[in-house]
Structure formats: structure tokens, C-alpha cells
Number of protein chains: 2
Amino acid sequence: MNIGTASAHTGVSAKMIRYYEEIGLVPKPLRRDSGYRDYGEADVHRLRFIHRARELGFSIERIRDLLRLWNDRRRPSREVKKVAQEHIADLEAQIARMHGLLATLKHLANSCEGNSRPHCPILEGLSRG
Amino acid sequence: MNIGTASAHTGVSAKMIRYYEEIGLVPKPLRRDSGYRDYGEADVHRLRFIHRARELGFSIERIRDLLRLWNDRRRPSREVKKVAQEHIADLEAQIARMHGLLATLKHLANSCEGNSRPHCPILEGLSRG
DNA sequence: CTTGACCTTCCCATGATGGGAAGGTTTATA
DNA sequence: TATAAACCTTCCCATCATGGGAAGGTCAAG
């Protein structure tokens, strides 16, 4: 099938499919005489895998690792679990950091009357800290 | 003072100070005969403001808005509060989204034995979804 | 005077996801 | 058969914020 069809079947845009091919995340597909890319079921299956992994927030590099493990019938599952757990740890660290930001921001915002007068503790907080 | 000194006094790297000047976030400073930038106290004060706002995760565009409000002695505080609250809402939405990802990821990871055997529900989840 | 630190501008990179131009190919319909 | 729209190709650029580094000029201390 053509790239547009592969895109429709996988949720990955044609642009991203070409990008993934360029960065070596997916193999180059067969080509028709016209020069059009010709995708098979295995290609589509792989792109779906990538799409789901992206949806879960895995970076391209981590997806590269996951694809390698997926291809390796003998992979130890602890290696897969490790990739997932690192990703989980990253997400948790980001959330924690954001909570810290939120605490400060909410404190500032709640100190602000939010009216027509110019006095504002948010600006004071930023200018003095 | 020179850019290096301004950088040290504000926590903003020299590179970023030049970038902020280029994108019009800060005005062009005076120059010495040598061509070196010459920063005054007002410049430094502004860069500190920017630095604190970046630390709180405000985007450059939102900082542009905040700087405008900071300069405006007559700004109504509700406009400042609005910028802050939009930022808060963005952060909260991001956190919520990440929690959703975490739930799925943890479920997958917890279903994985993480041993030497190849069977892994994480890969299955990604390949089938 | 010399040398190292500092400064300048310019060009490129990062990660993931596009937009769009220029031109070729396919497909359905009249 | 002709046409037009949809699809496809490669190429170049942009996004956001933050750099690295090259090439070359300036400053300041020893």
C-alpha cells in the first residue's frame, strides 16, 4: 500500500513516516516503478507499535530500543521493563517539578487581587524573588 | 558592565542574553567603542525578572506579556493574574495528561516479570494496544 | 609585550512535528 | 481520451529555547 494508506492505517502522518525512515527508525520500504513507497503488513505493524509508544510519551531513542527488543525473540523481559521504568521515572520527576512550580505560582496568583488596580504580588515576586 | 558580568549577576547565560536581544524581548544595550555590550542596572533588573519567570516555566511569549505589564504602571492586576492563571492551567493539564500515561505504563510494567524470559506484556501492549 | 580571558558575529545543532514549493504519478469521471 | 483532483516525490524551511563552536577582535594582568 501507498504511504497515505499506511498513514491512515497506523495514525502516523506521512511526513513522520518519511522522517522515521530518514532517521533509520524504520527500514526503507519497497518502491514501485513510479518511485512511490510500497508498505506491507509488517511495515504497518511496526508503525502502529511506534505510534502507540509515542502516545505513551516514549522518545524516539527509547522507541528505537523497544523496537530492537521487540525484534529480538530472546530478549530478557527485564530489559524491556527497564526501558519502561526509566520512562516512568522521567515522567514522575517532571510531574514533581511541575508541582513545585504550581505551588509557587498559585501562591503568587492567590495573593493577587486580580482587579483594576495596578498593585500585583506576581510582578513583585518576579522582580524580586 | 559587560555581558559576562550581566550574565553572572542574573543567571541568564550570555548566549541567551544575546538571543533575548535578537528576538526583541530586551532592548539593545549601549555599546562601548570596542563593540562590547554595556549593561546598566535596569538591564540587569529586567534580565533577573526574565530569569525568574523562565524558572517558573513561563514561555518567552508569556514573559513578553508580563514584561509589558510590568512596565505599565497602570496595568490592571487582573491582566497579570490572567497570564499566571493560564500558565497554571497549562501546567495542570500537562500533569493530568502525564498521570494518564503513568497509569498505563505502570500497569504494563507491573504486568512484566522483568526476568530473563522473553515474554513481556509491555511489548504486547505496544504491538496490539 | 604576551597571553589568556572575554567579547563579537555567524552558522549549525537539538527533538519531534510539521508547512509548503516544485514537479511527477495515479485515478476516477466526463 | 482528456482532465482534474488527489496523491506522491524530494527539498527547504520553521517551530521553541538553549546551546556549541569557529573565526577573529579586544581587554587586562603579569
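The values are calculated or read from the model by the stated rules, or taken from the named source; none is laboratory data. It should be emphasised that the depicted structure is a prediction, and the values quoted were computed from it without experimental measurement. Heads up, the Cβs are rebuilt from the backbone with ideal geometry, glycines too, and the neighbour counts pull from every protein chain shown. Accessible surface areas use protein heavy atoms only, side chains included; no ligands, DNA or RNA. Shrake-Rupley method; radii C 1.70, N 1.55, O 1.52, S 1.80 Å.
Brief remarks follow.
- Cα centroid separation - the stretch A:1-19 against the stretch B:1-70, whole Å: 43
- Averaging the sequence gap over all C-alpha pairs within less than 8 Å and six or more residues apart, then dividing by the number of residues, gives chain A a relative contact order of 16 percent.
- Distances between copies of residue A:5, taken at a point 7 Å out from Cα along the Cα→Cβ vector and listed shortest first: 7.0 nm.
- Report summary: the helix-based calculation at 222 nm, which adds -39500 (n - 2.57) for every DSSP H run with n ≥ 4 and divides by the residues of the protein assembly as shown, gives -22000 deg cm²/dmol.
- The portion of the accessible surface of chain A made up by carbon and sulfur, rounded to a whole percent, is 48 (1.4 Å probe; DNA, RNA and ligands excluded).
- Computed with a 1.4 Å probe over protein heavy atoms only, the accessible area of residue B:78 comes to about 120 Å².
- FRET E, pair residue B:115, residue A:41, Förster distance 30 Å, beta-carbon r, rounded to 0.05: 0.45
- Radius of gyration over Kirkwood radius for the stretch A:1-75, both on Cα atoms: the Rg/Rh ratio is 0.97.
- Protein accessible surface hidden between B and A, which excludes ligands and nucleic acids, total in Å², probe 1.4 Å: 4500
- Given charges at Cβ of Lys, Arg, Asp, Glu: the stretch B:1-64 dipole, positive-most of B:44, B:24, B:2: B:24
- Peptide B:91-99, shielding by other chains (average Cβ, 10 Å cutoff): 4
- Most mobile listed residue (A:119, A:51, A:107) in chain A, GNM with C-alpha springs under 10 Å: A:119
- Counts of other chain beta carbons within 10 angstrom of each beta carbon in peptide B:69-80 average 5.
- Value of Rg to Rh for the protein assembly as shown, rounded to two decimals, is 1.12; Kirkwood radius and Rg both from alpha-carbon coordinates.
- Rounded to the nearest 20 debye, the dipole magnitude of chain A is 320 debye, with +1 charges on Lys and Arg beta carbons, -1 on Asp and Glu beta carbons, and the Cα centre as origin.
- Chain A residue nearest by beta-carbon to the axis mapping A to B, with distance in Å: A:95, 3.
- Think of a 1.4 Å ball rolled over the protein heavy atoms: chain B then has 57 Å² of accessible area per residue.
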